[in-house]
Amino acid sequence: MTWKTGTRLDPESCNEKDLGKFEISVRDGQARLGKLYTKHGVVETPCLLPVINPNIMTIKPREMWDKYGIKALITNSYVIWKHENLKLSCLENGVHKMLDYPGAIMTDSGTFQSYVYGDVEVEPDEIVSFQKNIGVDIATMLDVFTRPDMTFNEVKDAVLETINRAQISIDSSKGIMLNGPIQGGVYHELRRKSATEMCKFDFAIHPIGGIVPIMEQQKYKELLKIMLVSKSNLKPNRPVHMFGCGHPMLFPILIAMGADMFDSAAYVLFARDGRLLTPWGTEKLSEIEEWPLMMPAVSNLSPEDVRDMDKITRTEILARFNLEVTLQELARCRQAVRNGEIWQLAERRSHQNPALREAFLWLITSPAKIDMLPFVLDEKSASKDVGKERGIWEENWDWFVTAQNTPKKGAEAWGGLDTFNRPHVEMAKRRLNARWKSRKNGKVIVFYGTSPPWRNKIGDLINRLCGLDCDIFISTPVGLIPFTIEDMNPWAHIEGPSWIWKKGPDYSMLRVELERLGIKDRDIVTIDISNTEDLHKTVFDRIGHSGNDSDPELRHSQSIIDKLCILFNLDYKHSELICKQSKFVMSNTGRVKNMIDYQGSHLFSQRLVEGGLSLTVNGAKRLHQLRSMEIPSKLPDIFAPKPGEGPPWIVVNSDAEPFIEQGRSVMHGFVIAYDSWVRPGEGVLIVNSNGKLLGFGTSQSTCQDLKYFNKGIAVKVRQGCP
Ligand code: GUN
């Protein structure tokens, strides 16, 4: 043993008023890092609750706390209830003492036993009361397990019976946190029903149940469908727990889709079988000469050493190895969320297993996109699901995409054709397509053939072209953009092999992309800029014009006008008005740093890292004055864009007013209304109920979050406006 009992302090109970609450501290699309407040400390999510069998503890709960820092575990209240000695000990001293574990304890209810062995002999209220009486932190109601081989009617009965048992279970829990599992087998309609109905009860957490056989059969596409339909119909302020899911290979994609907690006995079950878990699959101890990962549990041992050991010692070592791998992959996922890269991790992992790859492709393949892909994927066309079974995808994909943050900081690593379908890339394009408008009628010039920064290569040329009656675009590996946003993420920040920039645009594709930008029936001129020799002459010859005098100011102002529309949802009339006779302060690399209006007010700054715009107090005031819509008075729970209506407003109550004016964050619980186009990463104006501007910042929340959360930061305020 290399760990010592008591090396980690016991947790402190959370404040009474916070018990059972969940808050998001970091988000990346629908993935979130959260905090769950329990009587036995704060549980940071996403996390894995190792399953402890109270009869055979291969790794002791105390070691899990002290050595591995595991803040919560799960055991089975039905197993305890069935064994007289365990039952008496727990009733007398509590479950924490019996397991010798100071962290949060979740218990399951016997549902899984009923799936494995047939029936259980306990009543729904009895098992919940028992969990309350033995002092668990999070109990589970006795839900009815739904297997993938059950008929629709059988599953429907199970879902309805689980819903029937909800209230009595909540009554029996007498205020402790309770799990309300979502059932529904493989029937999406029933999963939706289960989610929407179970949500109406006062559960603290919603586990997704009935997925163990689906995972055992590697039906990952089914799993993702279940996840998509269940999660998008649940209240976002309740953590989602994946019952029986402990294979690290599945963590990234499930976390990207909003999973917060996992539990599994896999670490020990696989160990007993001589199998090793890795983030890319499973390996057999009998078949390896080297460890797939060098974990602390085996650092001084070879696979052969472990093979030669007696079964109990071998199982213990492999269980530790598996637990360490599992914890490491979760840590990797959490860091990916912090870095805004959880989707890229899921994308990489999707290549590790054919069934997971199929599931991933199902998720990213839209029938609407198939016709417009510059890279029509054989892999995708072969995904036979395209066209059918798309219902749940079509209903729920927006929920996923509109939660994505864009523009992001940092490089967009080229990941092959998948790059095109990353949800934040899709969101960036949707926003561009919805908010950008052409104000020209003449030719459409499309430059291609070279990597950014394009301003260094053709900035001078654009200075001579920007006053003409033509639209100028750049073809990037992830789609077409107006030259005015040539420095914006993700388009300008793709990092990959040089050939991705060389490819000329495909004509039919180009037309589709232009149509999405509102451009139809115009002459298109495509120009390769990989060779800049005589470029000006070539371009002027091709467009039949000799070009204007160089006008860099015009280029800069067109860029700011477009960005104001794209990033702050202004309409062109307002954007042009604001930028009229504006002046620019330039960076020493020749980029616009600050925008000063005709009265000398500094309104916006450009963020040179990702090409976004930041408001100043004066800028926020200008945007605030433009509003013609009424002050928001509702709490919409579905994102609904309103192009041209300006940045969304968030109305806070009077308690919050002085704090926002001092520049403090808007906390959930103080928001009383907001516009339906609020999204994470979107710039917002914060007002009081009379519409007075209090501050401005960046939303951390979706509409749904604003409606349901009552703890945590809703909007990060950049500055207050006293
Ligand atoms: N453990 C694994 N799956 C399930 C489930 O569907 N319900 C409950 N209560 N526990 C589980």
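The values are calculated or read from the model by the stated rules, or taken from the named source; none is laboratory data. Quantities reported herein were computed from a predicted structural model and do not represent experimental measurements. Every residue, glycine among them, receives a Cβ derived from its backbone with ideal geometry; neighbour counts consider all protein chains shown. Calculation scope for accessible area: heavy atoms of the full protein, side chains included, ligands and nucleic acids excluded. Shrake-Rupley method; radii C 1.70, N 1.55, O 1.52, S 1.80 Å.
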inquiry  = I'd like the Karplus ³J(HN,Hα) series for region 538-549: coefficients 6.51, -1.76, 1.60, θ = phi - 60°, whole numbers in Hz, and an x wherever there's a Gly or Pro.
reply    = 4, 5, 5, 4, 5, 8, x, 8, 8, x, 8, 5
remark   = Relative contact order as a percentage, region 196-338, C-alpha pairs under 8 Å and 6+ apart, gives 22
key: Probe 1.4 Å - accessible area at Glu216, Å² to nearest ten   = 130
ask   = Taking only pairs that are 8 or more places apart or on different chains, how many Lys pairs in region 384-506 have Cα atoms under 28 angstrom apart?
value = 29
query = Taking H as built 1.01 Å from N, whose amide H comes closer than 5 Å to the amide H of Gly244, not counting residues under 5 places away?
reply = Asp263
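Of the cross-linked pairs Lys17/Lys716; Lys580/Lys642; Lys200/Lys225; Lys35/Lys221; Lys634/Lys707, which ones have a Cα-Cα span greater than 18 Å in the structure shown? Please list the in-between numbers first.
Numbers: Lys17/Lys716 24 Å; Lys580/Lys642 24 Å; Lys200/Lys225 22 Å; Lys35/Lys221 29 Å; Lys634/Lys707 10 Å.
Lys17/Lys716; Lys580/Lys642; Lys200/Lys225; Lys35/Lys221, as the Cα separations exceed 18 Å there.
Rolling a 1.4 Å sphere over the protein heavy atoms, what is the accessible area per residue of the chain, to the nearest Å²? Don't skip to the end; give the middle numbers.
Values: 28900 Å² over 722 residues.
Accessible area per residue: 40 Å².
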note = Rounded to the nearest 10 Å², the 1.4 Å probe accessible area of Tyr68 is 40
task = Have a look at Val325, Val306, Ser286 and report the one farthest towards the positive end of the charge dipole of region 270-328, computed about the Cα centre with Cβ charges (Lys/Arg +1, Asp/Glu -1).
result = Val325
request  = On the full set of protein chains, 1.4 Å probe, figure out the accessible area of Met629 and give it in Å² to the nearest 10.
outcome  = 60
remark   = Spelling it out for Val26: with amide H atoms placed in the peptide plane at 1.01 Å from N, the residues 5 or more places away or on another chain with amide H under 5 Å from its amide H are Leu33
remark   = Rounded to the nearest 10 degrees, the helix 311-338 long axis (Cα) sits at an angle to the longest Cα principal axis of the chain of 30
inquiry  = Compute the angle between helix 354-364 and the longest alpha-carbon principal axis of the chain, please, reported from 0 to 90 degrees and rounded to the nearest 10.
reply    = 50
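Expected output is a single nm value to one decimal: the length gained when fully extending between Asp551 and Asp506, i.e. 0.36 nm times separation in residues minus the C-alpha distance. What is it? Present the calculation step by step, with values, prior to reporting the outcome.
Working: separation 45, 0.36 × 45 = 16.20 nm, distance 3.13 nm.
Gain on extension, Asp551 to Asp506, equals 13.1 nm.
Given a 1.4 angstrom probe, I'd like the percentage of the accessible area of the chain that is carbon and sulfur, rounded to a whole number.
So the carbon and sulfur contribution to the accessible surface is 48 percent.
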remark   = Answer in debye to the nearest 20: the dipole magnitude of the chain about its Cα centre, from +1 Lys/Arg and -1 Asp/Glu charges placed on Cβ, is 1940
query = Normalised by the residues of region 68-138, what does the relative contact order come to in percent, with Cα pairs under 8 Å and at least six apart?
reply = 41
message = What is the distance in Å between the Cα centroid of region 557-581 and that of region 260-291?
response = 56
ask   = What list of ³J(HN,Hα) couplings, whole Hz, do you get for region 717-722 from phi and the Karplus terms 6.51, -1.76, 1.60, once you set θ to phi - 60° and write x for glycine and proline?
value = 7, 7, 7, x, 10, x
remark   = For the chain the mean separation of alpha carbon contacts under 8 Å (6+ apart) over residue count, i.e. relative contact order in percent, is 9
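Assign one of three labels to region 260-300, namely rounded, prolate or oblate, based on the Cα gyration tensor with a ≥ b ≥ c the square roots of its eigenvalues; rounded applies when a/c is under 1.5, prolate when it is not and a/b is larger than b/c, and oblate otherwise.
Values: a/c = 1.87, a/b = 1.51, b/c = 1.24.
It comes out prolate by the Cα gyration axes.
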query = Toward the positive end of the charge dipole of the chain, about the Cα centre and with charges on Cβ (Lys, Arg +1; Asp, Glu -1), which of Gly135, Thr698, Ile686 goes farthest?
reply = Ile686
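Please report the antiparallel percentage of the DSSP beta bridges confined to the chain, to the nearest 5. Please report the intermediate quantities before stating the final value.
Values: 46 of 83 bridges.
Rounded to the nearest five, the antiparallel share is 55 percent.
Work out the FRET efficiency for Asn300 and Arg338 from their Cβ-Cβ distance, taking R0 = 45 Å, and round it to the nearest 0.05.
Plugging the Cβ-Cβ distance into 1/(1 + (r/R0)^6) gives 0.90.
Given Cβ point charges of +1 (Lys, Arg) and -1 (Asp, Glu) and nothing else, what value in debye, to the nearest 20, does the dipole of region 390-516 about its Cα centre take? Walk me through the intermediate numbers first.
Numbers: 19 positive and 15 negative charges, 70 e Å.
Computed about the Cα centre, the dipole is about 340 debye.
Could I get the Rg over Rh figure for the chain? Both from C-alpha atoms, Rh via Kirkwood, rounded to two places.
Dividing the radius of gyration by the Kirkwood radius yields 1.01.
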request  = Rounded to the nearest Å, what's the spacing between the alpha carbon centres of region 191-251 and region 419-465? Just the number, please.
outcome  = 40
request  = Calculate one ³J(HN,Hα) per residue across region 207-219 by plugging θ = phi - 60° into the Karplus curve 6.51 cos²θ - 1.76 cosθ + 1.60, and present them in order as whole Hz with x for glycine and proline.
outcome  = x, 8, x, x, 9, 4, x, 5, 6, 4, 8, 6, 8
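Helix-only mean residue ellipticity at 222 nm, the chain, DSSP H runs n ≥ 4 weighted -39,500 (n - 2.57), per residue, nearest 500. What is it?
Values: 29 runs with 271 residues, N = 722.
The per-residue figure over the chain is -10500 deg cm²/dmol.
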task = For Ile182, enumerate residues with amide H under 5 Å from its amide H, sequence gap 5+ or separate chain, H modeled in the peptide plane.
result = Ile208, Gly209
remark   = Out of Val95, Ala166, Val512 - ranked by how far each Cα lies towards the positive end of the dipole of the chain, with unit charges on the beta-carbon of charged residues - the top one is Val512
query = Pairing the Cα long axis of helix 188-198 with the longest principal axis of the chain, what angle in degrees results, from 0 to 90 and rounded to the nearest 10?
reply = 70
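Assuming R0 = 30 Å, can you tell me the calculated FRET efficiency for the pair Glu394 and Ser689, based on Cβ-Cβ distance, to the nearest 0.05? Don't jump to the answer; show the numbers that get you there.
Working: r = 37 Å, r/R0 = 1.24.
About 0.20, to the nearest 0.05.
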